[in-house]
Amino acid sequence: MTNVTLDNITPTVVAALSSDIPDRQKVIMTSLITHLHNFCRDVDLQHGEFLQACDFFARAGATCDDKRQEFILLSDILGIEVLVDMLTNKVTGTESESTVLGPFYRENPPVLPKGASTVQKSFDGQETVLVEGCIKDTDGRALAGVTLDIWEDAPNGLYEQQDPEQPDFNLRGRFETDAEGYYAFRAVRPAPYPIPDNETAGELLRYMGHHPYRPGHIHFMLFKEGYRTLVSQIYDSSSDYLDNDSVFAVKDSLIGEFKKAPEGADTDLVLSFDFTLKQQS
Ligand code: BEZ
Ligand code: FE
């Protein structure tokens, strides 16, 4: 019989891991148990606080449905999604940097021709933008036939699935690069917005004394067979919150300049941004 003590509880639990479980599970569970035990010791966690945490996680779970994944939001607020993304998609050469997917991606957006507009509803004071650029591989060869899914919030700071007043798939589209690797679409300047903070995500932000805002950005997902899928965002260089994004997802290389469009153009602004895809190994 083991006499459980403050000194032996951690090795006792680690030793209970079966030798039959796969190596990866053993690595994950050994580290998880050790870090969680050390956290409890470090902060001298008291039972009332433990019960509060259990209640918090129960309420976070109850918030989840097919439209809201509260645990992704909680991990974003703690910088975990961006950390896991950087571990998964390590940059080894000239390929573009990835960043978080976030909770607002929808599969199968409308397939649109090069240059088409994703704007289905206009907002007072909106600024329209032509977004265009070239997609290359890491050897500098233009890539034809790259599929780009793009999505962004409206000038009111809401994605279409958060806002019953917006048409289905507003500000979303699927585009493809042409024979020279060029893509283009028309959209609106993205507004900074607060991440959903009405449930446990908001509680965590307030516990940390942090605000919920993200800088204005356009989301991209780029796929082409034989290349690593790139999930990324372009950030508006003139937006607020570039220096204190609530989910820590801004990278210098992903900041783009929304410039005034030339005289006679059919949009207010132009944003030129190139991407580089990494060949799959
Ligand atoms: C987003 O950019 O859509 C997002 C990312 C993380 C949390 C919430 C929203
Ligand atoms: Fe977003």
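The values are calculated or read from the model by the stated rules, or taken from the named source; none is laboratory data. No experiment lies behind these values; they were computed from the predicted model shown. Reconstructed Cβ throughout: ideal geometry from the backbone, glycine too, with neighbour counts over all protein chains shown.
Close contacts from the range 257-281, counting a first residue that is under 17 Å from Thr229 (Cβ atoms) and a second that is of a type in the set (Lys, Arg) and assigned to a loop (DSSP other than H, G, I, E, B), with Cβ to Cβ under 6 Å and a gap of 6+ residues or different chains, come to Lys278/Arg228; Gln280/Arg228. Of the helices (runs of 4 or more DSSP H) lying entirely inside the range 1-96, those containing at least 2 residues that are more than 16 Å from ligand 2 (Cβ to nearest atom) and free of Cβ contacts under 8 Å to residues at least 60 places away in the same chain span 9-15, 23-43, 47-63, 80-88. All conditions but one from (1) more than 12 Å from ligand 1 (Cβ to nearest atom); (2) modelled with pLDDT under 95 apply to Asp197; the one that does not is (1). Ala58 falls short on exactly one of the conditions (1) of a type in the set (A, V, I, L, M); (2) under 28 Å from His211 (Cβ atoms); (3) surrounded by 13 or more Cβ atoms within 10 Å (Cβ to Cβ), and that condition is (3).
Taken over the range 193-237, the residue count meeting the criterion of being in contact with a Phe, Trp or Tyr (Cβ under 7 Å, 6 or more places away or on another chain), more than 16 Å from ligand 2 (Cβ to nearest atom) and assigned to a loop (DSSP other than H, G, I, E, B) is 1. Flag: Pro190 matches the condition of being within 13 Å of ligand 1 (Cβ to nearest atom), assigned by TED's automatic domain parsing to the domain that holds Ser117 and part of a loop (DSSP other than H, G, I, E, B).
One residue is enough: does the range 117-139 have a residue meeting the conditions touching a Ser or Thr at 6+ places or on another chain (Cβ under 6 Å), away from ligand 1 (no atom under 16 Å from the Cβ), assigned to a loop (DSSP other than H, G, I, E, B) and not aromatic (Phe, Trp, Tyr)? Yes: the range 117-139 contains one or more residues that are touching a Ser or Thr at 6+ places or on another chain (Cβ under 6 Å), away from ligand 1 (no atom under 16 Å from the Cβ), assigned to a loop (DSSP other than H, G, I, E, B) and not aromatic (Phe, Trp, Tyr).
Of all residues in the range 131-158, those satisfying the criterion of being within 16 Å of Phe223 (Cβ to Cβ) and of a type in the set (Asp, Glu) are Asp137, Asp149.
Can you report the number of residues in the range 197-212 which are of a type outside the set (D, E, K, R) and buried (at least 17 other Cβ atoms within 10 Å of the Cβ)?
Result for the range 197-212: 5.
Restricting Ser239, Ser246 to those that are more than 11 Å from ligand 1 (Cβ to nearest atom) and crowded, with 19+ Cβ neighbours inside 10 Å reduces the list to Ser239.
Residues in the range 255-278 that are aliphatic (A, V, I, L, M) and surrounded by 19 or more Cβ atoms within 10 Å (Cβ to Cβ) were compared, and the one that is nearest to Phe185 (Cα to Cα) is Leu271. Residues that are of a type in the set (S, T, N, Q) and within 11 Å of ligand 1 (Cβ to nearest atom) were ranked within the range 65-95; the one that is nearest to Asp252 (Cα to Cα) is Ser75.
Here Ala179 fulfils each of the conditions (1) assigned to a loop (DSSP other than H, G, I, E, B); (2) among the aliphatic types (A, V, I, L, M); (3) more than 16 Å from the chain's Cα centre (by Cα); (4) within 14 Å of ligand 2 (Cβ to nearest atom) apart from (4). Assessment of the range 105-116 against the conditions (under 16 Å from the mean Cα position of the chain (by Cα) and within 14 Å of ligand 2 (Cβ to nearest atom)) yields at least one matching residue. In the range 170-197, the residues that are within 11 Å of Tyr159 (Cα to Cα) form Cβ pairs under 6 Å with partners that are away from ligand 1 (no atom under 16 Å from the Cβ), at six or more places apart or across chains, as follows: Asn170/Gln120; Asn170/Lys121.
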